[in-house]
Structures are given as C-alpha cells and as structure tokens.
1. Determine the gain in length on full extension of the stretch ASP48-THR167; use 0.36 nm per residue of separation and subtract their C-alpha separation, reporting nm with one decimal.
2. Quick check on segment 69-149: take the gyration tensor over C-alpha atoms, sort the square-rooted eigenvalues as a ≥ b ≥ c, and tell me if it's rounded (a/c under 1.5), prolate or oblate.
3. Give me the net charge of LEU170's neighbourhood, meaning all other residues with Cβ under 11 Å from the Cβ of LEU170; Lys, Arg count +1, Asp, Glu -1.
4. Which order do peptides 128-136, 143-151 fall in by mean Cβ count within 10 Å, highest first?
5. Set the bar at 27 Å for Cα to Cα. Now go through LYS68/LYS104; LYS15/LYS92; LYS70/LYS134; LYS70/LYS114; LYS92/LYS164; LYS114/LYS157 and name every pair that lies beyond it.
6. Add -39500 (n - 2.57) for each DSSP H run of 4 or more in the chain, then divide by its residues: what number comes out at 222 nm, to the nearest 500 deg cm²/dmol?
7. Which entry in (1) 13.7; (2) 9.5; (3) 12.3 is this structure's computed mean projected area of the Cα convex hull in nm²?
8. At a Förster distance of 45 Å, what's the computed FRET efficiency of LEU55 paired with LYS130, Cβ-Cβ distance as r, to 0.05?
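Just so it is clear, none of the values below were taken in a lab; they were calculated from the coordinates. Values in this document were obtained by computation on a predicted structure and should not be read as measured data. Methodologically, a virtual Cβ is constructed for each residue, glycine included, from the backbone with ideal geometry; neighbour enumeration extends over all protein chains shown.
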Amino acid sequence: MDFLKVNKILNDFGKYVVQQSKSNLTKDKKGNGALYNSIKYKLDTEKDIFLLDFLMENYGDFVDQGVKGKDPSKVSPNAKIKGQQAPNSQFKFGSGSMRGTFNKFALKMSVFAKSKNIRFRQGSTGKFAKGNYKSMGYVIARNIYNRGLKPTMFFTKPFEQAFKRLTPELTNAYLLDIEQAIILGTKK
C-alpha cells in the first residue's frame, strides 16, 4: 500500500525543521561553516514503516544543547561572560567520548581569533598589545573550557514546534491514504 499523503507530510516536516534550523544558525552568525551545510534529513520507507533521520555534524548537539564548563571559578575576572553557561546540559567539557586535546581546541580558537582579527589591547591606551593569535586562541579556549557554551536550541525549538503540528496532520494523512486504498480496492 502506498502512503503518499503520509510521505508528503513527513517530507514537509523534515524540510521545515532543516530550513528553520539553518535559519536559526544564520541568525546566531554561526551559519558559515560545516554545521550549517551538514544539516539534512533522510526519509526511508520500508514495508509501510517510515524512518525519518536528521543528520548534522557531530558537534551539532553541543551547539544546540550547550556544554557545561569544567570549572567556572577559573574564568578570568576580566571576562565579560561569567558563570556556568549551560547548567542543565547533558554535555560537559572534559568528559565523554568526544575527547580532543586542549591544544587542538586552542589551535582552532587561534584560527578563529585570526579570522575575526581578535587581538590583545593595552588597558589605558587601547593600542594593540604584544601577543599573537596563538596566545589569544589559548585565552579564548581556556575561557570557553571553564565556563562552557550557552545552548542555542537552533534545532530543538523548530523540531518541537513542528512536532506539535505533526501528530494531527499525520493522522489525517494516514486516514486519507487508507480511505484511498479502500476506494481503489473496491473499484477493482
């Protein structure tokens, strides 16, 4: 039996969640990279079973749900952002299977600092101070590692919003597909 209407509803659901997730990333100015380009959905139909998967880079969960910091008390007193950024997150720096070295993280932050031209400044004059992008990357990485990453909910919010509408739409589509099959069956 073909469930054409159910298939259409699930495809529309997947497209909406992907489009809104990408839109949310763009609003957060994080939409230039691999995460933005990796967000997709895949709908598989096997013998009247529908499997809908959402795919994205591995670190997408961290951006969406946030990450607890290792030790917020170690954040510099001069930092603009203080305290734990994701106290309710299931993820925490320094734990889990996504282990990487701090040096790799600091190196990535130095590339980020260079791309955004973030440099040290002298307190009184505002002139650029000594220190290269590698040093700045280390400072940024240490701050993020200790305070955590704030959740963006770029994927969770559109998914939950669309899911509320999905149940009645899916029920109606399923009933219409069954009705269509009965009509076709009686005509034969």
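1. On the way: separation 119, 0.36 × 119 = 42.84 nm, distance 1.73 nm.
Once the chain is fully extended between ASP48 and THR167, it gains 41.1 nm.
2. On the way: a/c = 2.84, a/b = 1.55, b/c = 1.83.
Verdict is oblate for segment 69-149.
3. With Lys, Arg at +1 and Asp, Glu at -1, the neighbours total 0.
4. Values: 128-136: 13.7, 143-151: 20.3.
For the peptides 128-136, 143-151, the packing ranking is 143-151, 128-136.
5. Working: LYS68/LYS104 19 Å; LYS15/LYS92 31 Å; LYS70/LYS134 22 Å; LYS70/LYS114 25 Å; LYS92/LYS164 30 Å; LYS114/LYS157 32 Å.
In this structure, LYS15/LYS92; LYS92/LYS164; LYS114/LYS157 lie more than 27 Å apart at Cα.
6. On the way: 6 runs with 96 residues, N = 188.
For the chain, the value works out to -17000 deg cm²/dmol.
7. (1)
8. Values: r = 45 Å, r/R0 = 0.99.
The formula returns an efficiency of 0.50 here.
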